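Just so it is clear, none of the values below were taken in a lab; they were calculated from the coordinates. Just so it is clear, the model here is predicted, and its values are computed rather than measured. No Cβ is skipped: glycine too gets one built from the backbone with ideal geometry, and neighbour counts run over all protein chains shown.
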Amino acid sequence: MGHDHHDHGTGHHHHDHDHDHDHEHSELSETALRVRALESLLVEKGYVDPAALDELIETYETRVGPRNGARVVAKAWADPSYLDWLRQDATAAIADLGFIGRQGEHMVALENTPDTHNMVVCTLCSCYPWPVLGLPPVWYKSPPYRSRAVANPRGVLEEFGVYLPETVSVRVWDSTAEVRYLVIPQRPAGTDGWSEEQLSTLVTRNSMIGTGLALDPARVKS
Amino acid sequence: MNGPQDLGGQHGFGPIEHDGEPEPVFHHGWEKRAFAMTLAMGFLGQWNIDKSRHARESLPPAKYLASSYYQVWTEGLIRLMLDAGLVVPGEVHIGHKEVTPRDLHREPVRAHEVAAILSKGGPACREIADAPKFAIGERVTAIRMNPVHHTRLPRYLRGCPGEIVLHHGGHVFPDTNAHGKGENPQHLYTVRFAARDVWGELANPRDFVHADLWESYLAAA
């Protein structure tokens with residue numbers, strides 16, 4: 001229990017769980033104890049090195065995340081030849097920016113246009129393009145999204161505050177194999193002459209999953 | 001298998017709890033350790049990604065659905081280690097060694113090796129001699145099947161007509177790879193299904209759902 005408590009201190013508490021805190025806490029503590037026992041056992045058996053675990057955690061907490069994908073999108077917006085490369089061979093084009101490896105071995109880029117909106121899900125587990133987006137958010141891995149993204153994508157989009165006209169074609173991509181999808185959201189109007197670095201500030205994680213749009217530059221500036 | 005993981009099209013799970021961005025990568029200290037242990041144990045090569053997924057989806061449905069994602073990962077990892085003879089149940093319970101560890105003839109993965117292993121990843125593409133059976137633009141049907149083994153053809157697509165839109169070459173076949181029966185690579189395709197062909201008349205006629213499907217999941221339409 002102490003271990004879990006100790007590691008908690010980064011203000012992650014889900015606000016809407018607070019009313020249920022005692023119940024949640026005792027349940028999670030049981031899990032925390034089980035995980036801690038497992039780590040002790042695996043270290044004692046010589047199967048894992050705790051320093052390697054720390055390195056794995058640090059990698060995905062600090063070095064790999066959606067800012068990587070935002071750089072890909074911003075470059076695709078700013079550089080038509082790069083966008084072409086993404087269309088032809090997204091794995092190579094993304095690797096060119098240094099984003100390679102686990103859960104990004106076979107990449108496909110999906111371009112949103114005024115007529116088509118793409119949205120990515122994994123109904124069977126939690127497949128997600130780690131090198132460009134990092135680890136998936138909790139909702140992406142949870143039954144409400146996984147069950148409804150394929151059957152009622154417009155309803156799901158509304159839950160995320162995205163309202164698309166009936167005339168837009170919604171295309172859902174269920175990641176059932178080792179192919180990983182990155183949505184290239186539409187470039188917002190009013191960004192002529194912006195640098196790639198400026199553009200990347202408009203690219204949210206959700207816009208690259210397809211549950212959001214790129215940010216409105218007017219709102220970002222204010 | 002028609003397990004609890006196959007969620008596409010199910011009802012009743014309630015609203016999506018999204019907190020906006022950015023969200024912490026982990027929500028509890030134990031999640032970090034469970035995540036990292038799952039990866040580090042996977043690096044030892046005693047199982048593959050398909051076997052890992054099968055271990056998770058083989059949890060009893062009620063337990064799977066009542067567990068958080070990293071709880072599912074933890075229980076899946078324990079199952080993999082038990083099956084591989086790396087641990088025994090009593091050890092997992094008390095957190096101490098009771099039997100001599102199986103000699104894997106290698107050291108655990110060290111911190112300095114992590115970056116290179118992650119960069120290398122685990123590509124699933126394989127050279128295969130057979131020509132692809134289907135061409136881009138061709139109409140196909142996802143077969144009807146209900147195997148008790150691992151599969152990546154979701155229930156909601158079985159029996160539905162679609163169209164080949166991408167061809168990815170040969171990819172490791174999960175249905176056998178999950179069970180130690182070999183990689184048996186097959187051609188992998190992205191298939192586009194009209195939402196109405198999958199969900200019925202109430203779906204928007206402009207909407208589509210796509211899935212990445214292996215050749216033996218498909219029949220010529």
Is the C-alpha gyration tensor of the stretch B:75-152 telling us rounded, prolate or oblate? Criteria: a/c under 1.5 is rounded; beyond that, a/b larger than b/c is prolate, otherwise oblate. oblate
Counting partner chain Cβ atoms within 10 Å of every residue's Cβ in A:131-137, what's the average? 3
Expected sort for A:Cys127, B:Cys125 with the fewest Cβ neighbours (10 Å cutoff) up front is B:Cys125, A:Cys127
Which angle from 0 to 90°, rounded to the nearest 10, does the C-alpha axis of helix B:111-120 make with the longest principal axis of chain B? 10 degrees
Let me know the charge dipole size of chain B about its Cα centre in debye, to the nearest 20, where only the beta-carbon of Lys, Arg (+1) and Asp, Glu (-1) is charged. 320 debye
Computed over chain A: relative contact order in percent, which uses C-alpha pairs under 8 Å that are six or more apart: 22 percent
Putting +1 on Lys and Arg Cβ atoms and -1 on Asp and Glu Cβ atoms, find which of B:Pro60, A:Thr59, A:Pro217 reaches farthest to the positive end of the dipole of the protein assembly as shown. B:Pro60
Using the Cα gyration tensor of the stretch B:62-192, with a ≥ b ≥ c the square roots of its eigenvalues, what is the shape: rounded (a/c below 1.5), prolate (a/b larger than b/c) or oblate (neither)? prolate
Assuming 0.36 nm per residue, please report the length gained on full extension of the stretch B:Asn2 to B:Ala111 beyond their Cα-Cα distance. 35.4 nm
To the nearest 20 debye, what is the magnitude of the charge dipole of the stretch A:101-222 about its Cα centre, counting +1 on the Cβ of each Lys and Arg and -1 on the Cβ of each Asp and Glu? 360 debye
Charge dipole of the stretch A:82-222 about the Cα centre (unit charges at C-beta), most positive-ward option of A:Pro153, A:Thr167, A:Ser142: A:Ser142
With an 8 Å Cα cut-off and a minimum separation of 6 or more residues, compute the relative contact order for the stretch A:60-131 in percent. 31 percent
How large is the helix-only mean residue ellipticity at 222 nm for chain A, computed as the sum of -39500 (n - 2.57) over DSSP H runs with n ≥ 4, divided by its residue count, in deg cm²/dmol to the nearest 500? -12500 deg cm²/dmol
Stretch B:Arg192-B:Lys120 to full length: gain in nm at 0.36 nm per residue minus the Cα-Cα span? 22.9 nm
Classified through the alpha carbon gyration tensor (a ≥ b ≥ c as square roots of its eigenvalues; rounded if a/c is under 1.5, else prolate when a/b is larger than b/c, else oblate), chain A comes out prolate
Once the dipole of the stretch B:59-154 is set up with Lys and Arg at +1 and Asp and Glu at -1 on Cβ about the Cα centre, which of B:Val99, B:Leu153, B:Ala142 lies farthest towards its positive end? B:Ala142
How large is the charge dipole for the protein assembly as shown, taken about the Cα centre, if only the Cβ atoms of Lys, Arg (+1) and Asp, Glu (-1) carry charge, to the nearest 20 debye? 960 debye
At a 4.7 angstrom Cβ threshold, list every cysteine in the protein assembly as shown that has nobody to pair with, or say none. A:Cys125, B:Cys125, B:Cys160
DSSP-loop chymotrypsin sites (Phe, Trp or Tyr not before Pro) across the stretch A:137-222, with at most 14 other Cβ within 10 angstrom: A:Tyr163
Got a sec? How would B:Asp212, B:Asp175 order by Cβ neighbour count within 10 Å, fewest to most? B:Asp175, B:Asp212
To the nearest 500 deg cm²/dmol, what mean residue ellipticity at 222 nm is calculated for chain B from DSSP H runs of n ≥ 4 alone, each contributing -39,500 (n - 2.57), summed and divided by the residues? -8500 deg cm²/dmol
Along Cα→Cβ, 7 Å out, is where each label goes; now give me the distance between the ones at A:Leu215 and B:Ala131 in nm to one decimal. 5.3 nm
Nearest 10 degrees, 0 to 90: what angle lies between the long axis of helix A:66-78 and the longest principal axis of chain A (Cα atoms)? 10 degrees
Assertion target for B:Lys32, B:Lys63, ordered by fewest C-beta neighbours within 10 angstrom first, is B:Lys63, B:Lys32
Using a 7 Å offset from the Cα along the Cα-to-Cβ direction at both A:Glu197 and A:Glu61, what is the distance between the two label points in nm, to one decimal? 2.8 nm
Short version: ³J(HN,Hα) in whole Hz for each residue of the stretch A:199-212, in order, from phi by Karplus 6.51 cos²θ - 1.76 cosθ + 1.60 (θ = phi - 60°), x for Gly and Pro, what are they? 4, 5, 5, 8, 9, 8, 4, 5, 5, 8, 8, x, 9, x
